[in-house]
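For reference, the structure discussed in these notes is given below.
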Amino acid sequence: MKNNKVMIAAGAAAVIVLAVLSFLWVYNRHKEIEAQKSPSGVFKRFNNALLSGNIQEAWSFLSEKSVKNAVNFDNFKEKAEKLLKNEEYKAELKSTQVAEEKKDGDKIILKIKYAGSGNQQDMRTGTIVMVNEKGVWKIDFTASSSED
């Protein structure tokens, strides 16, 4: 009788744990999907992928035009890895924030700001152009620029 109660309690605990884990998985997946619907969210995910060294994921956020301009993934990876070895560049990436999101025809223009070489006294701005390809926002680096 006592063993049955223990087994029932253990089974109930396992069901609760599975329910919580399922909820967390669905919630995180929903946040991930929502981030892809937002141009700012896609840019942030691109930036985070670069910072974490996930070059393949960063590549997936580029527009078809940007991919053609990069020639191939190996070329993009080589350039990204070289930049990520530069601590000043990494500091700029870490400080990058989307300051404004503005619709321009079929594109979204993101105004970004970042600390030059990570120095908060040297704030700079840039423009990131986002294009929608098959319902997903992508970064078009061929039309993006650094202003300061």
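What follows is calculated from the coordinates using simple rules that are stated; it is not laboratory data. Bear in mind that the values here come from a model prediction, so they are computed numbers and not experimental data. All Cβ positions, even for glycine, are placed from backbone atoms using ideal geometry, and neighbour counts span all protein chains on display.
Before moving on, here are some points about what is shown:
- Pairs over the 21 Å Cα-Cα cut-off, from the set LYS90/LYS111; LYS44/LYS77; LYS107/LYS138; LYS44/LYS113; LYS82/LYS138; LYS65/LYS94: LYS82/LYS138; LYS65/LYS94.
- Other residues with beta-carbon under 9 Å from the beta-carbon of SER66 carry, at +1 per Lys or Arg and -1 per Asp or Glu, a net charge of +1.
- Note on PHE141 and SER38: the extension gain reaches 35.4 nm, defined as 0.36 nm multiplied by sequence separation minus the Cα-Cα distance.
- Take the Cα of GLU81, step 7 Å toward its Cβ, do the same at ASN132, and the gap between the two points is 3.7 nm.
- Computed from point charges on the beta carbon alone (+1 for Lys and Arg, -1 for Asp and Glu), the dipole magnitude for the stretch 70-148 about its Cα centre is near 160 Debye.
- Residues whose amide H comes within less than 5 Å of that of ILE112, counting only those at least five positions distant or on another chain, are ALA99, GLY126, THR127, ILE128 (H built at 1.01 Å from N in the peptide plane).
- Computed FRET value (nearest 0.05) for LYS107 with GLU57, which takes r as the C-beta separation and R₀ as 25 Å: 0.65
- Gyration tensor over alpha-carbon atoms, the stretch 29-146, equivalent ellipsoid semi-axes in Å: 21, 18, 14
- 3J(HN,Hα) along the stretch 53-59: x, 8, 5, 4, 5, 4, 4 Hz, from the Karplus curve 6.51 cos²θ - 1.76 cosθ + 1.60 with θ = phi - 60°, whole Hz, x for Gly and Pro.
- Model label points for ILE16 and LYS65, set 7 angstrom from Cα along the Cα-to-Cβ axis, are 5.5 nm apart.
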